[in-house]
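The values are calculated or read from the model by the stated rules, or taken from the named source; none is laboratory data. Not measured: the values here are computed from a predicted model. Every residue, glycine as well, gets a Cβ built from its backbone with ideal geometry; the counts of neighbours run over all protein chains shown.
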Amino acid sequence: MKSFYVALLGAGTLLAAGNAVAAATPEQAYKATCSVCHDAGVAGAPKLGDKAAWAPRIKLGKDALYKSALQGKAGTAMVAKGGNASLSDADVKAAVDFMMAKAR
């Protein structure tokens with residue numbers, strides 16, 4: 001069974017981390033880490049499949065979304081790799097691609 005935790009860190013930063021094993025598929029990477037915030041829209045995270053919320057982000061381009069996911073986004077709850085440092089960069093990018101595909 002996968003375990004998840006969400007912890008509030010000073011200044012409103014949200015850390016969500018899941019399973020420490022590398023994901024085998026983009027959907028598994030999403031479910032292991034990203035879903036903690038993106039399923040419920042925690043701290044303004046765009047919900048999976050919400051085309052209106054994802055449209056302006058997708059408009060920024062894939063590279064901008066990869067950068068936010070890999071490095072985090074200052075001033076928001078988005079932390080590097082969704083707080084799961086065990087995810088490879090390739091897993092994170094695949095999860096971003098998965099989320100973008102669900103919003104088109």
Report, by residue number, each residue of the stretch 44-64 that is within 16 Å of Lys102 (Cβ to Cβ) and either in a loop (DSSP other than H, G, I, E, B) or in contact with a Gly (Cβ under 7 Å, 6 or more places away or on another chain) (or both). Ala45, Pro46, Lys47, Leu48, Gly49, Asp50
So the check is Cβ under 6 Å with 6+ separation or different chains; which pairs have a first residue in the stretch 65-83 that's under 11 Å from Val96 (Cβ atoms) and a second one that's among the polar types (S, T, N, Q)? Gly82/Thr33
Subset of the stretch 29-49 (residues that are over 12 Å from the mean Cα position of the chain (by Cα) and either crowded, with 19+ Cβ neighbours inside 10 Å or modelled with pLDDT under 90 (or both)): none
Which count do you get for residues in the stretch 69-87 that are polar (S, T, N, Q) and either part of a strand (DSSP E or B) or modelled with pLDDT of 95 or more (or both)? 1
